[in-house]
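The values are calculated or read from the model by the stated rules, or taken from the named source; none is laboratory data. Computed from a prediction, not measured in an experiment: that's the story for all the values here. No Cβ is skipped: glycine too gets one built from the backbone with ideal geometry, and neighbour counts run over all protein chains shown. SASA here: full protein model, heavy atoms, side chains in, ligands and nucleic acids out. Shrake-Rupley method; radii C 1.70, N 1.55, O 1.52, S 1.80 Å.
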Amino acid sequence: MRMALVLLLWDRWASDFLLYKADSPLHWAVFGSYMIATPMLFVGVFTQFAAWWTSATMLAVFYGLGVMGGVESYTHHHTYLLTSFAVLMPFLPSGRALSLDRWWAVRKAERAGLPVPPAIGPTWAVPLIGLQLTSMYVWAAYDKCNWAFASGQRL
């Protein structure tokens, strides 16, 4: 899920957050933070810290640039969903599998002659992410259950 989130964030915002497009100190800070935190989260370097950092960056994008800055494209429902997914990411056991952090922990345990640490952890945030995704689909279907949409008037 960690890598999928980063790929979604890159797909949605990577072209917007190129440093040469920054025109204010807030943009420089947010764009630079995005360009450092998301690759760290993707490869799993200091993964829990990178998850918190990415979460804070996405909140700054949604609320700082979108809501307070008035950039409408950062306040759409799909960007809200990505932001809320990023906010829940630090509560998942990120970095315990498929990461450089895991590789380092395994090597350290092997050198010390200790058992390899387990690659499991609390996953209580997964049902919350599923609930968000389900509610998005339910309300999208509900929104489309009217004559204006079925007849093509909304198109």
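Here are the numbers for the structure shown:
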{"read-out": "Subset of the stretch 128-155 (residues that are assigned to a loop (DSSP other than H, G, I, E, B) and either open to solvent by 100 Å² or more (accessible area, probe 1.4 Å) or under 22 Å from Thr47 (Cα atoms) (or both))", "value": "Cys145, Gln153, Arg154, Leu155"}
{"read-out": "Unmet requirement for His76, which otherwise passes all of (1) at pLDDT 95 or above; (2) under 17 Å from Gln132 (Cα atoms); (3) over 13 Å from the mean Cα position of the chain (by Cα)", "value": "(1)"}
{"read-out": "Qualifying positions in the stretch 111-155 - of a type in the set (A, V, I, L, M), over 19 Å from Leu88 (Cβ atoms) and in contact (Cβ under 8 Å) with a residue 12 or more places away in the chain", "value": "Ala119"}
{"read-out": "Tally, over the stretch 18-46, of residues that are under 30 Å from Trp104 (Cβ atoms) and of a type in the set (Ser, Thr, Tyr)", "value": "3"}
{"read-out": "Test: Tyr63 is over 26 Å from Asp101 (Cα atoms) and at pLDDT 90 or above", "value": "yes"}
{"read-out": "Residues that are without any contact (Cβ under 8 Å) to a residue 40 or more places away in the chain and open to solvent by 60 Å² or more (accessible area, probe 1.4 Å), drawn from the stretch 1-17", "value": "Leu7, Trp10, Asp11, Ser15"}
{"read-out": "From Leu41, Leu128, residue being within 18 Å of Phe17 (Cα to Cα) and aliphatic (A, V, I, L, M)", "value": "Leu41"}
